[in-house]
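**Q** A single structure is presented below for examination.
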Amino acid sequence: MAGRGGLLFPLAAIAIMALGWLALGLAVGNSYYQLMMTLVPIWAVLGLSWNLLSGYTGLVSFGHASFFGLGAYTVTILLVRLDLTPWFGIPLGMLVGVAAGLVIGYPTFRLRGHYFALAMLAYPLALLYVFEWLGYQEVPLPMKREAPAWYMQFNDYHVYMALAVGLLVVALLISLAVERSRFGRSLLAIKQNEPAAEAAGIDTLKWKMRAITLSGAVAAAAGGLYAVVLLVVTPDSVFGVLTSAQALVVTLFGGTGTLWGPVIGAVILIPLSETLQAELGDVIPGIQGVVYGLAIILVILLAPEGIYWRVRDWLHLARGTPGAAFRSRAPAAPALVPVPAERQTSGQVLLEVRGLSKSFGGLRALDGIAFQVEEGAILGIIGPNGAGKTTLFNLLNGFLKPNGGDVVFAGQTLVGLKPNRICRLGVGRTFQVVRAFQRMSVLENVVVGAYVRAAAEDEAFEIAREAVARVGLSPRLEALAGALSNKELRLMELARALAGRPRLLLMDEPLAGLAAAEVEEMLAAVRALPSSGTTVVIIEHTMRAMMRLAERFVVLNHGRVIAVGRPSEVTADAGVVEAYLGSKWTALHARG
Amino acid sequence: MFAETFLEALAAGLFLGCIYGLMCVGLGLIFGVMRVINFAQGDFLMLGMYFTLYVVSVWGLLAFLGPAAAPFVGAVLAGPALFVGGYLLHRLLIARVSGTSVTGSEDEGRSAQLILTLGVALALENGALILFGSTPQSARTTLALRAWEIPLLYDPTAAVFINKASVVACVLSIVIAAALYLLINRSRLGKTLRAAADNPTAAIYMGIDVDRAHRIAFGIGTGVTAVAGGLVATYHPFQPYVGLDYVIIMYAGVVMGGMGSILGAFWGGLTIGLVQQLSTLVLPTQLQNAAIFAVFLLVVLMRPQGLFGRAAERI
């Protein structure tokens, strides 16, 4: 998918596809098949537009007919009312698409998952009824006999086909540019895990807004051309549920998150349904829908992620290259990270937490938390389950807003800032559960974290390569994330956080699920961080590992700090022992 | 004059709203337990309508009950019939892209579920077109032609007319929704379903067969919605593509009610019925449905947890 590999192959493939389609079109004389060959690229463009938003970000839109319909009606109404040619009408329709993207996106992006999908469903349907009410039930485009070409009207169907293919090429190039850039990788990061992307410094709202406006423009262009080709527009045909469904079906069928998916889907499904309709529609009305429906069911059962990915995985298996389904590679060479000598903290306070409190409803999750972290230190936060450790991290990096208290980082308060701003200021974070982009390489995964510090693409890759080297994962630079071991995933996540060059790194249970030998490697990597300018705050359950890592502990229990100090002091504290290990252990220990 | 129109619209909204409420309860159960967006729900509703029509009018199996009661009994019988249909559909198709078979996969099978149920919807509605034809039909009860006349106290010349069929349908809807509510909240089966919904992984560890729970929830949800469809059929004409109109109303109702709550789904459906009917007082009829979507969007944007729900979507 988002490989940085040469552009030559995809560009050549796009050119061959376009020329091949046109050559095939020239060979076809039947006007019905010519119409079909014009509609396939148009639906593919709508699919690509859907893919730009939903395929890359994972936010499923049931409402792409909004943009398609607005494009179609803009072109039609401008032509009918103002006698304006579609040559201008289509670009103006795209502007309307952009505006609709802004108006729809801004409020709707506050929703997630199913809520987003269903809210999107409502827009085109509301528009459908509004346009019916406005009296645009069925608007024919007037024939312009005096200057047909000026009004985009042609006797020869091949011209329409060429226009449709041209639009498809433009849409493919846009998709390719998005896929191969910071834009596409940021969207993929959002798809994988929106909070993690935000924590890695990606301004998720900004990128989602860009995606929906671009997607709206492309869909509106498809709608505008659709109106020109069919010469009549009805609210049902452009705003209807089936139009939104078409966008989604061709893409999901062909493969989401890749520019080829919508094309494959449209090339297979549109001719299938149109031919069935033409051949059998009169004899058995509805047979088209039944066969179409069954074909969709069958493909989803056989290739749930779409045809493109299934074929790709097969090819990788056949060739023996590491595809997503191929996971049996030799383990990586052990990390070669030098273990630093005794650490020196600068004595300067980097992070100060003052009286931080957070309640959920009536539950007081954190109450008056206060501690300091000196630059160059490794601070361990320990405490039993439910003590509020992860909640504390969520407050520090901006996922949650505190009810009271302050967080001061390098002289600046962090309270009220969005996570991506906090990341930009130099606070990185890793998560308890690693989420990786399975089909992207280690390097591509890490580069997402580097965008905070890099203006140019090359620079970002350079920083990412450095970060991968720092955690000792260089031998696996090009391996796909889906083929990594648990330890390698953890190291990759660490590299992703380091790529943002944080002054402070919050690590949430980086040792979870690692075997004893792997723990050593991870410890070595973490221990090396302060010497290269990264202060660490770490949550960990494994007491023994923590004793060897952190020079200071903050102990939480029931949302309060019950002890602060050096590991030896803290573990000797009776209150801590009881909270952490239970009163039984204390009693046993006292007797023994 | 306005008072009459208002009261009639209010009554129509309440009665229709109860049937919408029942549909939403069916969908809400499926969504609440499985977190699957099922596009075919509207087509189960349509099948419920045709089931009622065939049992009552075409085959005349219930003729002995008389023309007034037979359609209602037929509608209720659509429940068990479509329960079996939903149960089998889940077992054969839906289970492959949902529940434990996709736990931990990239998007938990969400896109696969979407497109699969879209395929099922297409196959069902067009299959229905082949089998039943496109002419609108109805399994009308004779009660649909009768109305109670309720005089207005302050004005002896004015009266509000209330269709008897819609009152019976409304009462049946409330009874069935209440029964389902008790089943979910009081019975052992209900406890199993709620456990499977709340935390599938933990439910598995507690020895609950989560896939079976999903199957049952899917069957019950399908059956309940089919009954609501049958009830609509007792006084309203329909055709094979009718599901599309209703699936949108159902989703709007379920989301407004706060996904996953039976009671909330019912209130959500009721709200939609009221909005739809009352909006005719101030808006042109064509904008009736636009009003629904406007209210739906407002609710979703202001209170994503729904009007009556508390839990927000898990991130």
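No lab work stands behind these numbers, since they all come straight from the coordinates. Nothing here was measured: the structure is a model prediction, and the numbers come from that model. Every residue, glycine among them, receives a Cβ derived from its backbone with ideal geometry; neighbour counts consider all protein chains shown.
**Q** How large is the helix-only mean residue ellipticity at 222 nm for chain A, computed as the sum of -39500 (n - 2.57) over DSSP H runs with n ≥ 4, divided by its residue count, in deg cm²/dmol to the nearest 500?
**A** So the calculated ellipticity at 222 nm is -18000 deg cm²/dmol.
**Q** How about the protein assembly as shown: what cysteines have no other cysteine beta carbon under 4.7 Å from their own?
**A** A:Cys423, B:Cys24
**Q** Report the calculated FRET efficiency for A:Ile284 and B:Ala158 (r = Cβ-Cβ distance, R0 = 56 Å), to the nearest 0.05.
**A** That gives a FRET efficiency of 0.60.
**Q** R0 = 51 Å: FRET efficiency of A:Glu374 with B:Ser101, Cβ-based, nearest 0.05?
**A** The computed FRET efficiency comes out at 0.50.
**Q** Right, another one. Sort A:Phe88, B:Phe296, B:Phe44 so that the residue with the fewest other Cβ atoms within 10 Å of its own Cβ comes first and the one with the most comes last.
**A** So the ranking, lowest neighbour count to highest, is A:Phe88, B:Phe296, B:Phe44.
**Q** In nm, what is the difference between 0.36 nm times the number of residues separating A:Ser568 and A:Glu520 and their Cα-Cα distance?
**A** Residue separation times 0.36 nm, minus the Cα-Cα distance, leaves 15.2 nm.
**Q** PRE reach from A:Gln412 (point 7 Å along Cα→Cβ): which of the range A:453-484 fall under 18 Å by backbone N?
**A** Answer for this model: A:453-455.
**Q** Here is a follow-up. Return the average number of partner chain Cβ atoms within 10 angstrom of each residue Cβ along peptide A:237-248.
**A** 2
**Q** Where Rh denotes the Kirkwood radius from the mean inverse Cα pair distance, what is Rg over Rh for the range A:246-320?
**A** 1.07
**Q** Largest first, please: the extent of the C-alpha atoms of the range A:8-318 along each principal axis, to the nearest Å.
**A** 59, 46, 42
**Q** Also: For the range A:349-591, just the Cα atoms, rotate onto the principal axes and tell me the three extents in Å, largest first.
**A** 58, 40, 33
**Q** Please list, ordered by chain and number, the residues whose modelled amide H lies under 5 Å from the amide H of A:Lys358; skip anything fewer than 5 residues away on the same chain.
**A** Sorted by chain and number, the residues that satisfy this are A:Ala365, A:Leu366, A:Asp367, A:Gly368, A:Asn403.
**Q** How many partner chain Cβ atoms sit within 10 Å of a residue's Cβ in peptide B:286-296, on average, as a whole number?
**A** Counting Cβ atoms of other protein chains within 10 Å of each residue's Cβ and averaging gives 5.
**Q** Rounded to the nearest Å, what's the spacing between the alpha carbon centres of the range A:254-299 and the range B:126-175? Just the number, please.
**A** Cα centroid of the range A:254-299 versus Cα centroid of the range B:126-175: 39 Å apart.
**Q** Average projected area of the Cα convex hull of the range A:475-526, in nm²?
**A** 4.0
**Q** If neighbour count is taken as other Cβ atoms inside 10 Å, put A:Asp367, A:Asp83 in order from fewest to most.
**A** Ascending Cβ contact count within 10 Å gives the list A:Asp83, A:Asp367.
**Q** Across bins of 10 angstrom width beginning at 0, how are the C-alpha pair distances of the range B:2-302 distributed, in whole percent?
**A** Bin by bin from 0 Å, the calculated values are 7, 27, 34, 22, 8, 2, 0.
**Q** Cross-link partners among lysines for A:Lys208, C-alpha distance below 20 Å, same-chain residues fewer than 8 apart left out?
**A** A:Lys191, A:Lys418
**Q** Using 7 Å Cα-to-Cβ label points, what is the A:Val170/A:Met547 separation (nm, one decimal)?
**A** 6.9
**Q** Straight distance only, please: which lysines reach the Cα of A:Lys358 with their own Cα at less than 16 Å, same-chain residues fewer than 8 apart left out?
**A** A:Lys389, A:Lys401
**Q** Next question. Any idea which of B:Leu89, B:Leu53, B:Leu22 is furthest toward the positive side of the dipole for the range B:1-116, if Lys and Arg beta-carbons carry +1 and Asp and Glu beta-carbons -1?
**A** Selected residue: B:Leu89.
**Q** Right, next: Normalised by the residues of chain A, what does the relative contact order come to in percent, with Cα pairs under 8 Å and at least six apart?
**A** Once divided by the residue count of chain A, the mean separation gives 16 percent.
**Q** Still on this structure: So if a site counts as exposed when it's one of the GluC sites (Glu not before Pro), its DSSP state isn't H, G, I, E or B, and it has at most 13 other Cβ atoms within 10 Å, what's the longest stretch of chain A without one?
**A** Within chain A, the longest run free of exposed GluC sites (Glu not before Pro) spans A:147-341.
**Q** Can you tell me what the convex hull of the Cα atoms of the range B:59-181 projects to on average, as an area in nm²?
**A** For the range B:59-181, the mean projected area of the Cα convex hull comes to 12.9 nm².
**Q** Can you list which of the trypsin sites (Lys or Arg not before Pro) found in the range B:38-112 are DSSP loop residues with at most 14 other C-beta atoms within 10 Å?
**A** none
**Q** Using the Cα centre of the range A:349-591 as the reference point, and only Cβ charges (+1 on K/R, -1 on D/E), how large is the resulting charge dipole? Debye, rounded to the nearest 20.
**A** Approximately 540 debye in magnitude.
**Q** So for the pair B:Asn199, B:Glu149, with labels modelled 7 Å out along Cα→Cβ, what separation do we get in nm?
**A** 6.2
**Q** How large is Rg/Rh for the range A:124-178, to two decimals, with Cα atoms and a Kirkwood Rh?
**A** Rg/Rh for the range A:124-178 comes to 1.15.
**Q** Order of B:Thr135, A:Thr256 from fewest to most other C-beta atoms within 10 Å?
**A** Lowest to highest Cβ neighbour count: B:Thr135, A:Thr256.
**Q** Further, regarding this structure: How high is the FRET efficiency from A:Val80 to A:Gln432, r the C-beta distance, R0 60 Å, rounded to 0.05?
**A** 0.50
**Q** Further, regarding this structure: Could you derive backbone 3J(HN,Hα) for the range A:446-453 from the dihedral phi with the Karplus parameters 6.51, -1.76 and 1.60 (θ = phi - 60°), listing whole Hz in sequence and x where the residue is Gly or Pro?
**A** Couplings: 6, 4, 4, x, 8, 4, 4, 9 Hz.
**Q** Would you mind pulling out the separation of the Cα centroids of the range A:25-54 and the range A:456-506, in Å?
**A** Computed from Cα coordinates, the inter-centre distance equals 41 Å.
**Q** Once you have the alpha carbon radius of gyration of the range B:188-266, what is it after dividing by 2.2 N^0.38 Å, with N set to its residue count?
**A** Cα Rg divided by the expected 2.2 N^0.38 Å: 1.33.
**Q** Distance in nm between label sites at A:Ala147 and A:Arg110, each 7 Å beyond Cα in the beta-carbon direction?
**A** Simple spin-label model gives 4.8 nm for this pair.
**Q** Then there's this: Where Rh denotes the Kirkwood radius from the mean inverse Cα pair distance, what is Rg over Rh for chain A?
**A** 1.07
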